[in-house]
Amino acid sequence: MKLLAWARVFALAFFVLVAAVPAAAQEQKRIALSFDDVPRFPGAFMTPDERTIALIQALKEAGVKQAAFFVTSGNLEQDYGRNGEARIRAYVDAGHVIANHSFSHTHLSDSTVADYVADLDKTEAWLKGRPGRRPWYRFPYLDEGHDIERRDAVRAALRERGLTNGYVTVDAYDWAIDDLARKAVTDKREINLRALGDFYAETVVKAADFYDGLARETLGRSPAHVLLLHETDLNALFIEDVVAALQADGWQIIPIDEAYADPIAQIEPDTLVLGGGRVSALAVVAGRRPADVFFERNDEAVLARLFEQRVIVKGGQ
Ligand SMILES: [Zn+2]
């Protein structure tokens with residue numbers, strides 16, 4: 001009798017455990033790619049024109065059918081932005097889409113709402129009528145305002161313009177790794193390119209899994225993710241390795257249109273912890289501590305240390 005009672009408890013516990021494994025555990029991990037600051041300043045390895053050609057080819061080889069390129073139209077007025085319009089058109093001709101990343105790439109926290117909105121309107125005017133244009137606004141620095149007044153005023157301005165937030169859910173600080181590589185080349189330090197590719201791809205995969213884990217814990221499901229990247233030489237060199245590493249880890253690469261059709265696109269998280277992307281914001285809204293919602297390598301000092309250990313070739317000097 002006693003044994004039977006225990007058996008029942010175990011049976012019940014087993015049932016509860018199995019039932020409690022969320023459907024999310026079996027869900028396919030999905031992620032779309034997005035590239036910011038287009039046309040971006042030059043890197044250490046190629047010209048901006050070479051970079052665009054290489055990036056388009058690499059995305060094609062990797063089977064990425066539709067990524068987003070977020071345009072900072074003020075960059076077109078810089079020296080390095082010469083021919084930038086043709087490069088942007090080349091991305092669209094290759095099947096990718098374009099959206100707004102402001103004119104002058106400023107912090108909302110350092111701007112008045114009027115200046116900030118006038119700035120994004122300039123890029124919206126540039127985008128108007130162009131093929132491949134999507135009604136999305138990506139906040140520079142993911143800075144959506146450090147006070148509720150500015151946050152909500154810009155949210156309202158976007159709504160009035162028919163724009164939605166071109167949020168990210170996964171940030172791997174690719175720009176910081178590109179910075180480290182550029183600095184090493186400038187300083188004439190020898191880097192191991194194979195090690196750089198491995199380190200970079202590993203960082204993206206770990207970031208994606210971190211933010212997906214956070215989503216499953218706090219939303220109870222795996223959303224369609226959006227990976228934040230930049231139009232860098234690093235990506236022109238290694239995006240195929242990144243995609244291969246994601247796929248080996250069980251990720252499926254999806255079109256950006258599919259990612260922004262996820263229900264989390266409709267939510268405006270009621271928090272000021274917005275700089276880690278939408279999943280971290282929603283995790284904070286769900287009660288997670290802000291300190292726990294950022295991937296550990298979203299830290300320039302951590303990346304610099306790992307870069308030194310793994311990518312810099314130790315000379316005999
Ligand atoms: Zn940017």
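The values are calculated or read from the model by the stated rules, or taken from the named source; none is laboratory data. Every value quoted in this text rests on a predicted model; they were computed, and no experiment measured them. Every residue, glycine as well, gets a Cβ built from its backbone with ideal geometry; the counts of neighbours run over all protein chains shown. The area values use the complete protein model at the heavy-atom level, side chains included, leaving out ligands, DNA and RNA. Shrake-Rupley method; radii C 1.70, N 1.55, O 1.52, S 1.80 Å.
A few remarks follow.
- Just one of (1) of a type outside the set (Gly, Ala, Ser); (2) within 16 Å of the ligand (Cβ to nearest atom); (3) touching a Phe, Trp or Tyr at 6+ places or on another chain (Cβ under 7 Å) fails for Phe139. It is (3).
Table: residues versus (1) within 25 Å of Val279 (Cα to Cα); (2) at pLDDT 95 or above; (3) not aliphatic (A, V, I, L, M); (4) not in a helix (DSSP H, G or I).
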| residue | (1), (2), (3), (4) |
| --- | --- |
| Ala114 | no, yes, no, no |
| Leu120 | yes, yes, no, no |
| Arg134 | yes, yes, yes, yes |
| Arg150 | yes, yes, yes, no |
| Ala156 | yes, yes, no, no |
| Gly162 | yes, yes, yes, yes |
| Tyr167 | yes, yes, yes, yes |
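- Extreme residue, surrounded by the fewest Cβ atoms within 10 Å (Cβ to Cβ), among residues of the range 100-127 that are within 16 Å of the ligand (Cβ to nearest atom) and farther than 21 Å from Glu77 by Cα: Asp110
- Of all residues in the range 138-148, exactly one satisfies the criterion of being open to solvent by less than 10 Å² (accessible area, probe 1.4 Å) and in a helix (DSSP H, G or I), namely Pro140.
- Selection status of Val97, more than 16 Å from the ligand (Cβ to nearest atom), in contact with a strand residue (DSSP E or B) (Cβ under 9 Å, 6 or more places away or on another chain) and open to solvent by 20 Å² or more (accessible area, probe 1.4 Å): no
- Pairing residues of the range 208-222 that are in a loop (DSSP other than H, G, I, E, B) with residues that are open to solvent by less than 10 Å² (accessible area, probe 1.4 Å) and among the acidic types (Asp, Glu), at Cβ distances under 6 Å and at least 6 apart in sequence or on separate chains, gives Ser222/Asp212.
- Filter result (at pLDDT 95 or above, under 30 Å from Ala44 (Cα atoms) and out of contact with any strand residue (DSSP E or B) (no Cβ under 6 Å at 6 or more places or on another chain)) within the range 250-279: Ile253, Pro255
- Taking the criterion of being aliphatic (A, V, I, L, M), in contact with a Lys or Arg (Cβ under 9 Å, 6 or more places away or on another chain) and either assigned to a helix (DSSP H, G or I) or touching a residue at least 60 places away in the same chain (Cβ under 8 Å) (or both), the residues of the range 73-104 that qualify are Leu76, Ile88, Val92, Val97, Ile98, Ala99.
- When the range 69-93 is filtered for residues that are crowded, with 19+ Cβ neighbours inside 10 Å and either of a type in the set (S, T, N, Q) or away from the ligand (no atom under 12 Å from the Cβ) (or both), the ones remaining, listed by number, are Thr72, Ser73, Asn75, Leu76, Gly81, Gly84, Arg87, Ile88, Tyr91.
- Considering only residues in the range 27-45 that are of a type outside the set (Phe, Trp, Tyr) and open to solvent by 30 Å² or more (accessible area, probe 1.4 Å), the one that is nearest to the ligand (Cβ to nearest atom) turns out to be Pro42.
- A search for C-beta distances below 7 Å between a residue of the range 243-261 that is acidic (Asp, Glu) and any residue that is outside any helix (DSSP H, G or I), counting only pairs 6+ apart in sequence or on different chains, returns Asp257/Gln66; Glu258/Ala32; Glu258/Ala224.
- Qualifying residue in the range 128-136 (condition: closer than 16 Å to Arg40 by Cβ, within 16 Å of the ligand (Cβ to nearest atom) and either crowded, with 20+ Cβ neighbours inside 10 Å or touching a residue at least 12 places away in the same chain (Cβ under 8 Å) (or both)): no
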